[in-house]
Structure formats: C-alpha cells, structure tokens
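Everything on this sheet refers to the single structure shown next.
Please treat every number below as a calculation from the coordinates, not as lab data. Quick caveat: nothing in here was measured; it's all calculated off a predicted structure. Cβ sites come from the backbone with ideal geometry, for glycine too, and all protein chains shown count toward neighbours.
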Amino acid sequence: MGMEKVLEDLQSKIGKVIHQSEWMHISQEMINAFADATQDHQWIHIDPERASKESPFKATIAHGYFTLALYPKLRGLVDPENPPYPNTKNIINYGINKLRFTGPVIAGSNIRSNCTLLSAEEVKGSIELIEEYSVEVENQDRPACVAQNIMRLYF
C-alpha cells in the first residue's frame, strides 16, 4: 500500500483507538535495569524495603520515563515480523507535544497501551502521525502516562 492510500486510511481513523497492546508485566528487575541505564537510583524506584515503609504507594514504582520509553514496544513499532505499516522504509519517533505522568506503575503491575490517532497529514515526503499514548495500569483507574507522540512514516 503506497503513501497516499495509507494516508487516506489513517485519516479515516482520526479520533479512534488504532492500537491496544498486550499486557506487559513490569518487574523490579526491569525497573532496576532502567535505573542502571539512566543512573537514576532514587530509593522510590530501587529500594523495596524502604519504599514499603516510606512511599505513599507502599512499594517501589517505575520511573515515569521508563513508562514513556516503552512506547515503541507497546505501540508495536519494533517487531520486524509484524510491522504496523509494512511498506514503510522508516518509522521515526519525531517528538512529543504533551506529556503527563498521571499515576504510578507499582513494581509487579501489568500495563498496556492504548493509542488514539489525533492527526495524520503529509509532511515533507512523509506521513506525520500524532497519537495519544495512554498507559493503562491493570486494576488502576488513572493511566500512568499520557503523551501526544509524533511519528513520521517514510515510504
């Protein structure tokens, strides 16, 4: 499917959820690995014993930026066997318009993404998508992360 057809298809889906991921388990080991990679070793993320006593959540929580960093995986952008737009040469994360961390991801939680298409337009030989990435936490009313992510699809 060429760029024009993909653009037409996407424009018909504006305002709709276009992707919901499978549930993903967030372990303490994953949180620790992110802390090591970013050198952000705050106790609220990596010290379960202290967090059980001092944290308002009574457990460690994932870094907000870890939740955001899971976007390519949860959005289904990194599976070479199942690309979301098969005829693209490149899918580039172009930026974020708005980002909020609205709730915690407690270690041991399950999360999934819901992506709603906000816009799709041709920009400089690509299709620029803006979608709302909302990270749902199982058994929690508020999402953990809500971001307006911008992607460009190159054909």
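The single condition from (1) in contact (Cβ under 8 Å) with a residue 40 or more places away in the chain; (2) under 24 Å from Ala147 (Cα atoms) that Gln42 fails is (1). Within segment 87-141, the set of residues being crowded, with 17+ Cβ neighbours inside 10 Å, touching a strand residue (DSSP E or B) at 6+ places or on another chain (Cβ under 6 Å) and small (Gly, Ala, Ser) comprises Ser109, Ser113, Ala120, Ser126, Ser134. Selection of first residues in segment 50-71 that are free of Cβ contacts under 8 Å to residues at least 12 places away in the same chain and of second residues that are assigned to a helix (DSSP H, G or I), restricted to Cβ pairs under 7 Å at least 6 apart or on distinct chains, gives the following pairs, ordered by first then second residue: Arg50/Trp43; Ala51/Trp43; Ala51/Ile44; Ser55/Ile44; Lys58/Ser52. Is it fair to say Glu132 is free of Cβ contacts under 8 Å to residues at least 24 places away in the same chain and assigned to a strand (DSSP E or B)? The answer is yes for Glu132. Note on segment 24-81: among residues that are in a loop (DSSP other than H, G, I, E, B), of a type in the set (Gly, Ala, Ser) and touching a helix residue (DSSP H, G or I) at 6+ places or on another chain (Cβ under 6 Å), the one that is surrounded by the most Cβ atoms within 10 Å (Cβ to Cβ) is Ala62.
One residue stands out among those in segment 8-23 that are among the charged types (D, E, K, R) and not in a helix (DSSP H, G or I): the one that is nearest to Tyr71 (Cα to Cα), which is Glu22.
Evaluating Thr102 against the criteria (1) farther than 24 Å from Lys13 by Cα; (2) among the β-branched types (Val, Ile, Thr); (3) assigned to a strand (DSSP E or B) leaves one unmet condition, (3).
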